[in-house]
Amino acid sequence: MPPSIRPRDGKASTAFEVARTASRIALTFLPAILIGRNRSRRIVQHAHIHGIPISEEKRARHLKKLKVTTRLLQILTVIPLFLFWATIIASLERTPLTGRWRTILLSPDEEDEIAGQLAGQGWYHAVRDILALEGEPRFIPPSDWRYKWVQETLQQLTQIIPVLADERKKAPDWINQGPDDYPRPPPAKYPLRPRPRAAEYIHWFCSKVCDAKPALPPRAIAPSSFSLLLVDDPNASNAFSYGFGPDGGSGVVVYSGFLEDIFSKMPIEYYTPPDDRSWLSKFFGFSSPPPPKPTPTPEQTSELAILLAHELAHLVLCHHLETLSSATIVVPGVLSMFADVLRVMVFPFTMLFGPFVNDAVAQLGKIGSGELTKMGEYCTTANQEIEADVVSARILAHAGFDARDAISFWESRTQDDLECHRVETVKSPNSVQTAARSIMGSTHPVNEKRIAGLRNELDRWEAERRAAAAAHARL
């Protein structure tokens, strides 16, 4: 996200900052403790090896000092590690619909701050700033029939989001399917729920203890409306999602090149509306007959829906919030801790050669943090793309589309089209993307994993449907 949309410094991840501060305090006392401990150990060992007489009182004092310093080292090592992992574990949550474990370290206040900045016109301003980095963008106005077509298709997909919260009650007919019916998904083990917050856990605990209902107002499962922009760029054949939060804070950007690709494969059809002019107008030619109107076919709408459902899945799963948490807190924080440890290790060289060694380590830490953050974003986003494909199939099925068409759709796309086209990774250097691909495994391209994930998901639907139908028949 742009710097203006990131959480303000000083608020990000209070618990994570406590762990980092504790590690720095521990590292501050570490050299002095190690020096004193080694001195006592050398005195005791030297006296024992060379037979130098030493008083029992002095020996006991040094042995006690060794014991105390060992305990201090253990405490100084355990406390930062405990705080670090406690913060990570406390921030773990299940991704809705897929059940994947993930870590989001942003506090509720930070999430509300981001959502507030993107609400209303904030989303449009942020997206325009992003697109302006590659030149002044041209937008297709809402009055254009293409914009209305995309908007109507997006609204058709958006209307089924409440179904994802309780598929057992709102989509109970997934078992009984005919040979010509589109496949429908079984109820997800992890339904779509509002993201958990610490205050809600406290109110839930108090309600259990006091036998009272929680006082907190219910939060929305997902945004009920999404912003939309159509960029007039025939050379770009894709879309990306961006944002977090309700009131238009989440939205989708579609490039006109993608729409032109659809029409090049399946020519657009036109519909001539009935001529409702009066006979006088027709006879004297006072007005022209209504012009033919373009009417996308169901096949064209299906292709558009597949791409929009994929981007909508990113927004429903809060993938942008997850990436922001990783990029601004986790990776920089962990690298900062490692840099602190390295600076303590080179402390003897710093005393001999001056502070330049320490400055060099700090500079390397900053460079490494930036590069690893980009690589982490790429790898994380690649996994999110696969997850978004799986969830988009569920969205398509509930919205009345054939989820099987998504397989052929993504198979027809090139590798560049299948790249992670969201804002966080569009601007990553090619060298970083290449390094990330080598980490993930060059023998398994992202597109193959995505298509395989879709096939496995649809196969799982059919297997669970048959098992449920067999169990229902035995009753």
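Observations
- Asp181 versus Ser143: modelled label distance in nm, points set 7 Å from Cα along the beta carbon direction: 4.6 nm
- Note on Thr295/Ala471: beta-carbon distance plugged into 1/(1 + (r/R0)^6) with R0 of 60 Å gives a FRET efficiency of 0.85.
- ³J(HN,Hα) computed for each position of the stretch 169-178 - Karplus, 6.51 cos²θ - 1.76 cosθ + 1.60, integer Hz, glycine/proline x: 8, 8, 9, x, 9, 6, 7, 7, 10, x
- ³J(HN,Hα) computed for each position of the stretch 306-314 - Karplus, 6.51 cos²θ - 1.76 cosθ + 1.60, integer Hz, glycine/proline x: 5, 5, 5, 5, 4, 5, 5, 4, 4
- Whole-number D in µm²/s for the stretch 102-148 (Stokes-Einstein; Kirkwood sum over Cα pairs; 10 °C, 1.306 mPa s): 120 µm²/s
- Interchain or long-range residues, amide H under 5 Å from Thr295's placed H: Glu269, Tyr270, Tyr271
- Residues whose amide H falls under 5 Å from that of Val231, counting only those 5 or more places apart or on a different chain, are Ile140, Val254, Tyr255, Ser256, with hydrogens built in the peptide plane.
No value in this document is a laboratory result; all are computed from the given coordinates. Please read these numbers as outputs of a predicted model, since none were measured by experiment. Counting neighbours? That spans all protein chains shown, and the Cβs are built from the backbone with ideal geometry, glycine included.
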